[in-house]
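Below you'll find the structure, written out as structure tokens, and then a few comments.
The values are calculated or read from the model by the stated rules, or taken from the named source; none is laboratory data. Since we're looking at a predicted model, the values are computed, not measured. Cβ: placed from backbone, ideal geometry, glycine included. Neighbour counts: every protein chain shown. Each accessible area value is taken on the protein alone, full model and side chains, heavy atoms only, with ligands, DNA and RNA left out. Shrake-Rupley method; radii C 1.70, N 1.55, O 1.52, S 1.80 Å.
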Amino acid sequence: MCGIVGYVGKEQAAPILLDGLSKLEYRGYDSAGMAVYDGDKIVINKTTGRLKVLSELTHDGATMPGNIGIGHTRWATHGEPSEVNAHPHFNENRTIAVVHNGIIENYQKLRNILVERGYKFRSETDTEVVAHLLDYYYNKYDKDPLTALVKVIHRVEGSYALGILFADHPDVVYAVRKDSPLIVGQSEEGNLIASDVPAVLKYTRDVFFIENGEIARLTKDTIAFYNVDGEPIEKQSKHIDWDINAAEKNGYEHFMLKEIYEQPKAVRDTISPRIKDNDIVIEELGMTDEEIREIKKIYIVACGSAYHTGVTCKYIFEGLARIPVEVDLASEFRYRNPILEDGTLVIIISQSGETADSLAALRLAKEQGIKTLGIVNVVGSSIAREADKVMYTWAGPEIAVATTKAYSCQLVAQYLLALKFAKARGKITEDELKEYLHEMEMLPNQIEILLGNKEKIQKFANRYVAAKDVFFIGRGIDYAISLEGSLKLKEISYIHSEAYAAGELKHGTISLIEDGTLVTAVVTQEELYKKTISNIVEVKTRGAYVLAVTNEDNPDIERTVDSVIYIPKTNKYFTNSLAIIPLQLFAYYVSVGKGLDVDKPRNLAKSVTVE
């Protein structure tokens, strides 16, 4: 989950590395470092703390002249956050520098072998093994970097994206990848490597996606690719259409707030191109109605917030298309030996398209001959490339660790899929589809209405800055909304928060309610109003303060709860898209009130590319 940037070109490298790393700091931010070739040697600076510490240390890169370099921002796996464990790592005489994202699983075995050969280790990291192993093979095989890299690839086990400098080759950046994302950007001013697209948008829109086991060799004028055996291969670049301003704050205090406010556009961009003449057209999907009718069961597999969208959309696929659906955490999917039979479709949801557990689940399904569909935001990402079918969410770059607009786009993408499947299977009529699509097209404007009335939520959040525990309850889709609302609060405010199915309160969890405990009740499913209100009464009786998020046609709830946030009326299947907005804002303002780093919460990184 670390961030890697490399540059070789006509410009000074260090400022470009710092700028690229600033776009990747969501991937890790406990330490940072750079290595730049300067004249006759590789100069390395690294430090603990956020990227701004490295920037200050190097005077925004001014103290590191040179036109070629690699940089890194770290999320610690092996070894605590410290200067010695920060990247880049290097060999004994600092003639080879390495930055790494991933985990070398057999590093201890390799380390022991290298120690026996006289190598000395400074850090606790697995990455230093790579630097010394490169040194060993580089010197053994006539100081040929490509041969050394090939030998290393065949020795190390695990996941890695590597950026490498060799002092003997002062005009070349090498890169290699296995199970950790890495792209190559091509521009007239020079060429770049990076862990993710936002790092290169300022310089180029033309990128190559490196596949597993591939090696890239970059000079200021050329880019060459090689396979796992060092043989030359040809690759085609992809053009990225993301708006460069989407990776900048543009006057907002935090990326998270900016991305909350970008949701109307992101949702509209995801929906609008797919609705034509009152029908659903998902051009990149490439699934015929006959293929859809052959589906007997769906597994939705994802992590974190993406998993929560799956919990919501289980109700929608089953309710509209009448297909049985199971929703699995990607980290658990493989280990329960799932029963994957003919007629099964596995849907993998991931913003980055590089989530390690989700990618592993996809590969398991493919190994068993099961059809797969990826719902991803990043064009050309691993899941997009490896899934049999793909559907993109047009959210654009999302920088804040806590997802908002990508979550909302994943929801509406699944709404469209569920409706398309329902239509293909004859479960809804043309008129019904037309009405559903009309309701869906209203969602962006309704989200804008909610965002325009944030003052009440802000004031309410200020009252609960010091809360110790907050609970979210709901039934059906409202329970799925509660899961996401709870996650948003806990991950950026560090307040203990849990979501419970309201009907389960009497089975033990109601014992957690004390005088003054905040309970947020989500009440958007009209057929469940009465049952949820009875659960609200139960927690009120035990001293809870209850905030309700409910439809604007449910004013009677005011007699039962302490405070209400109303959302515009929409179809019952689409309420998550509206109810989540005040919950996102609530979490945001609580975090701001506590003076926390909203965009980079402690111990978290956005793209989880290691298991």
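What to note about this one:
- Qualifying residue in the stretch 325-336 (condition: within 26 Å of the chain's Cα centre (by Cα), assigned to a strand (DSSP E or B) and within 22 Å of M440 (Cβ to Cβ)): yes
- Residues that are among the polar types (S, T, N, Q) and within 30 Å of the chain's Cα centre (by Cα) were ranked within the stretch 82-100; the one that is modelled with the highest pLDDT is N85.
- Breaking point among (1) assigned to a loop (DSSP other than H, G, I, E, B); (2) surrounded by fewer than 21 Cβ atoms within 10 Å (Cβ to Cβ); (3) of a type outside the set (A, V, I, L, M); (4) touching a helix residue (DSSP H, G or I) at 6+ places or on another chain (Cβ under 9 Å), for D171: (4)
- Unique match (being of a type in the set (D, E, K, R) and at pLDDT below 90) among K569, K531, K600: K600
- Complete set of residues in the stretch 306-326 that are buried (at least 21 other Cβ atoms within 10 Å of the Cβ), among the aliphatic types (A, V, I, L, M) and under 21 Å from G353 (Cβ atoms): A306
- Set T344, T312: member being within 16 Å of Y415 (Cα to Cα) and either free of Cβ contacts under 8 Å to residues at least 60 places away in the same chain or of a type in the set (S, T, Y) (or both): T312
- Within the stretch 375-392, the residues that satisfy the criterion of being part of a loop (DSSP other than H, G, I, E, B) and not hydroxyl-bearing (S, T, Y) are N377, V378, V379, G380, A387, D388.
- Cross-chain or 6+ apart pairs with Cβ under 6 Å, the stretch 288-299 first and over 15 Å from G426 (Cβ atoms), then aliphatic (A, V, I, L, M) and open to solvent by less than 60 Å² (accessible area, probe 1.4 Å): I298/I323; I298/V325; I298/L345; Y299/V346
- Qualifying residue in the stretch 190-202 (condition: within 25 Å of L149 (Cα to Cα), buried (at least 17 other Cβ atoms within 10 Å of the Cβ) and among the hydroxyl-bearing types (S, T, Y)): yes
- For the stretch 222-248, the candidate set comprises residues that are without any contact (Cβ under 8 Å) to a residue 24 or more places away in the chain and open to solvent by 80 Å² or more (accessible area, probe 1.4 Å); within that set, the residue that is nearest to G485 (Cα to Cα) is E234.
- Checking the stretch 392-415 against the condition returns no match, with no residue being open to solvent by less than 10 Å² (accessible area, probe 1.4 Å), of a type outside the set (K, R) and over 26 Å from E491 (Cβ atoms).
- The residues of the stretch 35-57 that are modelled with pLDDT of 90 or more and either more than 24 Å from H169 (Cα to Cα) or among the small types (G, A, S) (or both), listed by number, are A35, T47, T48, V53, L54, S55, E56, L57.
- Residues being open to solvent by 10 Å² or more (accessible area, probe 1.4 Å) and either farther than 21 Å from T147 by Cα or not basic (K, R) (or both) - total across the stretch 175-189: 5
- The set of residues from the stretch 179-205 being within 28 Å of A360 (Cα to Cα) and either modelled with pLDDT under 90 or within 15 Å of the chain's Cα centre (by Cα) (or both) comprises D179, S180, P181, L182, S195, D196, V197, P198, A199.
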